[in-house]
Amino acid sequence: MKTALFPANRFISNLLISGVILVIVPYTILTILFDYPNVLRYEPGIILTRFHAGGRVLIFVWWLFAISGFLLLQAYVLIGQKLESQEPGFRWATTLGVVSGIVQIVGLLRWPFVVPVLASHYVQTTDPSTQKAIEVVFTAIHQYGGVVLGEHLGQLLTIAYTSLLSMTLLRLRACWGIDKDW
């Protein structure tokens, strides 16, 4: 391995490790505080009531969970910059990786910015028709932000990025410790 590239590789590695830790910490807290991810399949009224009960701490943890992906995005870009000089077509993979992260972050941001308003209105009203309307709105946002963006589009793009990255690294023999200017 060339010594000039070693610090850059270490920086990218540290970004990846830090990014994963920053994702795992709020994820773990959400499992404890909010029964995540199981809570995603509960009835809307239960989710909204439990979310409201979680208060500002739960909102902050959801926000932290959403933005924690930015470190991984930076690592994707730096990996792309290194690989694009050897594999110009890898630019598409980098784009897929970045878009996958952004899509998932946008999907998660519904929790700290949209759900608190819905949850607050839900628990403060006693009118069943208003509660039902809030449940319908929540369900639509939940399906779009969570199922469409996060669970499907974001995951499919992540799979595509990971597959392209793996194939590129194998093609460059970077995984096998063979110095190919990586």
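The values are calculated or read from the model by the stated rules, or taken from the named source; none is laboratory data. Remember, it's a predicted structure, so these values are computed and weren't measured experimentally. Reconstructed Cβ throughout: ideal geometry from the backbone, glycine too, with neighbour counts over all protein chains shown.
Look at segment 118-132: where a residue is outside any helix (DSSP H, G or I) and a partner is not aromatic (Phe, Trp, Tyr), sitting 6+ places away or on another chain with Cβ atoms under 8 Å, you get Thr125/Gln131; Thr125/Ile134.
Residues that are surrounded by 15 or more Cβ atoms within 10 Å (Cβ to Cβ), over 16 Å from Gly107 (Cβ atoms) and modelled with pLDDT under 95 do not occur anywhere in segment 40-61. One residue alone among Leu109, Leu15 is under 20 Å from Leu153 (Cα atoms) and surrounded by 14 or more Cβ atoms within 10 Å (Cβ to Cβ), and that residue is Leu109.
If you go through segment 76-125 and keep only what is among the aromatic types (Phe, Trp, Tyr) and farther than 17 Å from Asn9 by Cβ, you end up with Trp92, Trp111, Phe113, Tyr122. All of (1) surrounded by 16 or more Cβ atoms within 10 Å (Cβ to Cβ); (2) of a type in the set (A, V, I, L, M); (3) over 21 Å from the mean Cα position of the chain (by Cα) hold for Ala8 with one exception: (1). Restricting Val114, Val25 to those that are surrounded by 13 or more Cβ atoms within 10 Å (Cβ to Cβ) and under 21 Å from Leu149 (Cα atoms) reduces the list to Val114.
Picking from residues in segment 49-94 that are among the polar types (S, T, N, Q) and part of a helix (DSSP H, G or I), the one that is nearest to His121 (Cα to Cα) is Thr49. Taking segment 122-161, which residues are closer than 20 Å to Leu72 by Cα and exposed (fewer than 15 other Cβ atoms within 10 Å of the Cβ)? The answer is His152, Gln155, Leu156, Ile159.
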